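Below is one structure, written out as structure tokens, with a few remarks after it.
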Amino acid sequence: MTIFNTRKEVSAFIKDSITKSKTIGYIPTMGALHQGHASLIQQSILENNITFVSVFVNPTQFDNTTDLDKYPRTLESDVKLIKEIDSNIIIFAPTAKELYEGNIASKSYSFDGLEHEMEGKHRTGHFDGVGTVLDLFFTLIKPTNAYFGEKDFQQLQIVKKLSSKYNLGVNIIGCKIFREDSGLAMSSRNERLSVNAKKEAAFINKILLAAKKQFDTKSAIKVEEWVIKQFSKNKQFDLEYVSIANIKTLKPVKRKSKKQQYRIFIAAFIDNIRLIDNIALN
Ligand code: AMP
């Protein structure tokens, strides 16, 4: 396995790959890898000559130090999982100081309003942190294609905007959400859930599916109100937001149109652990 820890090692490798006209597929991760990450990696292997995976818990995208401190860090088992997929995959696992070259701070980005919706309202500075770290990774790795999960749908749309608006030249590919048999979206944060909370967490997906059924006949507002009511009856959960939004603008739906596509988004806490999920409505 090749594991790079420094920018210099990556630069030298990339220079060589570009000279040889190889396509590079890239999957940024924060580690604690699961089958959701694995599906992105597998897609990249099919579509590129070289696959690069970064494992890096990015400090600038956290507005909550407890969340950052408690984020699972499991590099050894991550390397094992990647090796089982394909031992030719290149892993990049830098320290924050190395990646940011000593200046661990966010730059400011405008994603044409996408950054002000949902996660942007509840996680101050989150998307500036995401933009900053991906700008650094994209500039260094120069991937042909980069793979992102629809699990973080807002992030996926923002990264598409980042690449096009800031001319980073990376083709951004969205990949479907991988779920547990219970319907719970796979997430590194699930590792922090108790057995009981993990069972209970499948509630989020159940509500999303029921909301989708209702969306055929009811207004977005009515469906959102129904979701809020269901969460208020479930004492294990604390709902942060529910939003039925246009997939392009991510703005809440006022009036449904057959020509537009919509998704429903939920963020909720269980046992103080924040989970997010979303599904397509039409
Ligand atoms: P993370 O390590 O949580 O930052 O995620 C790294 C990438 O994997 C992001 O593009 C996520 O959207 C994606 N991802 C995380 N969980 C899933 C999942 N359950 N299904 C598909 N993609 C996922």
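The values are calculated or read from the model by the stated rules, or taken from the named source; none is laboratory data. The shown structure was predicted, so the numbers you read here are calculated from the model rather than taken from an experiment. Note that we place each Cβ from the backbone using ideal geometry, even for glycine, and neighbour counts take in every protein chain shown. Heads up: the accessible areas ignore ligands, DNA and RNA and are worked out on the full protein's heavy atoms, side chains in. Shrake-Rupley method; radii C 1.70, N 1.55, O 1.52, S 1.80 Å.
Treating only the Cβ of Lys, Arg, Asp and Glu as charged (+1, +1, -1, -1), what charge dipole size does the stretch 90-163 show about its Cα centre? Round to the nearest 20 debye.
Numbers: 8 positive and 10 negative charges, 18 e Å.
That gives a dipole near 80 debye.
Counting only DSSP beta bridges with both residues in the chain, tell me the antiparallel percent, nearest 5.
Bridges in the chain are about 50 percent antiparallel.
Placing a pseudo-label 7 Å from each Cα along the Cα-to-Cβ vector at residue 225 and residue 70 gives an inter-label distance of 3.4 nm.
Averaged per residue, what accessible surface does the stretch 1-45 expose to a 1.4 Å probe, in Å²? Spell out each step's value before the answer.
Numbers: 2120 Å² over 45 residues.
Ligands and nucleic acids excluded, the figure is 47 Å² per residue.
Looking at the stretch 57-107, which GluC sites (Glu not before Pro) are in a loop (DSSP not H, G, I, E or B) and have at most 10 other Cβ atoms within 10 Å?
Numbers: sites: 76, 84, 98, 101; in loops: 101.
Those that pass, being in a loop and sparsely packed, are 101.
As a calculated quantity, the FRET efficiency between residue 182 and residue 22 at R0 = 45 Å, using C-beta atoms, amounts to about 0.65. When only alpha carbons are used to place a centre, the stretch 6-78 and the stretch 98-131 end up 19 Å from one another.
What share of the DSSP beta bridges in the stretch 130-282 is antiparallel, in percent to the nearest 5?
On the way: 19 of 24 bridges.
Looking only at bridges with both residues in the stretch 130-282, the antiparallel portion is about 80 percent.
The Rg/Rh ratio of the stretch 174-275, with both radii computed over alpha carbons and Rh defined as the Kirkwood radius, is 0.98. Here the simple spin-label model places points 7 Å from the Cα toward Cβ, and for residue 103 and residue 209 these points are separated by 5.0 nm. Net charge dipole, the chain: roughly 1100 debye, given to the nearest 20, about the Cα centre with Cβ charges of +1 for Lys and Arg and -1 for Asp and Glu. Give the aspartates and glutamates whose C-alpha is closer than 19 Å to that of residue 259, dropping any in the same chain fewer than 8 places away, or say none. Answer for residue 259, where 19 Å is the Cα cut-off: 216, listed by chain and number.
Please report, in cubic angstrom per residue, the volume enclosed by the convex hull of the alpha-carbon atoms of the stretch 136-176. List each step's numbers first, then the result.
Details: hull volume 2.4 nm³, N = 41.
Dividing the Cα hull volume of the stretch 136-176 by its residue count gives 58 Å³.
Each of 103, 93, 182 was placed along the dipole of the chain (beta-carbon charges, centred on the mean Cα), and the one lying farthest toward the positive end is 182.
Can you give the Rg/Rh ratio of the stretch 1-54, where Rg is from the C-alpha atoms and Rh is the Kirkwood radius? Let's see the in-between values first.
On the way: Rg = 11.9 Å, Rh = 12.1 Å.
Expressed as Rg/Rh, it is 0.99.
Here the stretch 12-95 is treated with +1 on each Lys and Arg Cβ and -1 on each Asp and Glu Cβ, and its dipole about the Cα centre works out to around 280 debye.
Would you mind giving the three semi-axes, in whole Å and largest first, of the ellipsoid equivalent to the stretch 65-116 according to its Cα gyration tensor? All intermediate terms of the calculation are to be shown ahead of the outcome.
Working: eigenvalues 159, 52, 43 Å².
Each semi-axis is √(5λ); the values are 28, 16, 15 Å.
Each pair of Cα atoms in the chain enters the Kirkwood radius, and Stokes-Einstein at 4 °C and 1.567 mPa s then converts it into a translational diffusion coefficient of 66 µm²/s. When the Cα atoms of the stretch 29-76 are aligned to their principal axes, the ranges along those axes come out at 38, 18, 17 Å in descending order. For the stretch 119-236, the convex hull drawn through the C-alpha positions has a volume of 152 cubic angstrom per residue.
In whole percent, and with a 1.4 Å probe on the protein chains, what portion of the accessible area of the chain is carbon and sulfur? Write down the numbers at each step before the final one.
Details: 6960 of 13960 Å².
Reported share for carbon and sulfur atoms: 50 percent.
Candidates 144, 265, 50 compared by Cα position along the dipole of the chain: farthest toward the positive end lies 265, with charges placed on Cβ.
Computed with a 1.4 Å probe over protein heavy atoms only, the accessible surface of the stretch 148-205 comes to 46 Å² per residue.
Comparing 207, 230, 196 along the charge dipole axis of the stretch 196-237, the residue lying farthest to the positive side is 196, per the Cβ-charge model.
So, in Å, what gap is there between the alpha-carbon centers of the stretch 214-242 and the stretch 156-201? About 21 Å separates the Cα centre of the stretch 214-242 from the one of the stretch 156-201. Placing a pseudo-label 7 Å from each Cα along the Cα-to-Cβ vector at residue 83 and residue 12 gives an inter-label distance of 2.3 nm.
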